[in-house]
1. When a footprinting reagent is the concern and you count Cβ atoms within 10 Å, what order do R106, R18 take, fewest first?
2. Let me know the charge dipole size of the stretch 119-163 about its Cα centre in debye, to the nearest 20, where only the beta-carbon of Lys, Arg (+1) and Asp, Glu (-1) is charged.
3. Place a point 7 Å from Cα of D59 in the direction of its Cβ. Which residues in the stretch 151-175 have their backbone N less than 20 Å from it?
4. Residues with amide H under 5 Å of V32's amide H, sequence separation 5 or more or different chain, H placed in the peptide plane at 1.01 Å from N; which?
5. Hey, can you grab everything whose amide H is under 5 Å from the amide H of V131? Only 5+ residues off in sequence or another chain; H modelled, so Pro and N-termini drop out.
6. Compute the semi-axes of the equivalent ellipsoid of the stretch 102-179, taking the square root of 5 times each eigenvalue of the Cα gyration tensor, and list them largest first in whole Å.
7. If you scale each eigenvalue of the Cα gyration tensor by 5 and take the root, what three semi-axes come out for the stretch 1-89, rounded to whole angstrom and sorted largest first?
8. Taking neighbour Cβ counts within 10 Å as the exposure measure, how do V125, V179 sort from fewest upward?
Amino acid sequence: MFITFEGPDGAGKSTHIRAVKEFLEERGRKVVLTREPGGTTLAEQIRELLLVKSAEAMDDKTELLLYLAARAQHVSQKILPAIEAGCDVICDRFSDSSVAYQGYGRGINLGLLKQMNDWACQGLVPDYTFVMLLKPADALARLKKDGRELDRMELEDIAFKERVYNGFLACAEARPGRVVTLDASDAIETNRAKILEFLEGWLETEKR
Ligand code: TMP
């Protein structure tokens, strides 16, 4: 099973990712936890390039190509081998982030983006995607509360974040079978229960 977690910065994916890993391992499954951009040495180096603040503005095309370069490396070197070895893979962000951030956020043509993305990730699509949705103003408040320095993407203006939010909404609406949407302003326990109940249901159908 290939599961991804998505959502705007500050929506709080990490707590749920850890809970899903534990949940699956308790049921005897082998789990690989990974993230994008990143997940391999080379892809983590590309992550640095993408997130560090720089005096030189990054062109939107450069940005998309770097995210896709990191994904191509990650899929071929880590995700596909893990799936082939019988592991469940949980990934913190994947292709839906490119649609939301580079497609809706930067305005890159969605058809072109899909073609390039499919090529980069060899057509790999998650089995299930949990999208944690949080309004930009609330997400920003959470990020500020964290107190750490914001990265290049987190520093984008509120208009960009609104477009990204709408991009995630559109992803969820277009793919109801694969994407489960959660309201990140609900209590952590409420969302954890929903996610685990969903996975429990999936494991039951797999047994049959
Ligand atoms: P993270 O901080 O959740 O690990 O994500 C890194 C940042 O990169 C986050 O702001 C979302 C952004 N991103 C994109 O813009 N496009 C992508 O394809 C991915 C995977 C992440």
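Coordinate-derived values only; no laboratory data. Since the structure is predicted, the reported quantities are computational estimates derived from the model, not experimental observations. Positions of Cβ are generated from backbone atoms using ideal geometry, with glycine treated the same way; all protein chains shown enter the neighbour counts.
1. Neighbour counts put them in this order, fewest first: R18, R106.
2. 140
3. It comes to 153, nothing else.
4. Close amide H contacts, sequence-distant or interchain: D88, V89, I90.
5. E6, V180, T181, L182
6. Taking √(5λ) for each eigenvalue gives 25, 15, 13 Å, largest first.
7. That gives 28, 16, 9 Å for the three semi-axes.
8. Fewest-to-most Cβ neighbours within 10 Å comes out as V125, V179.
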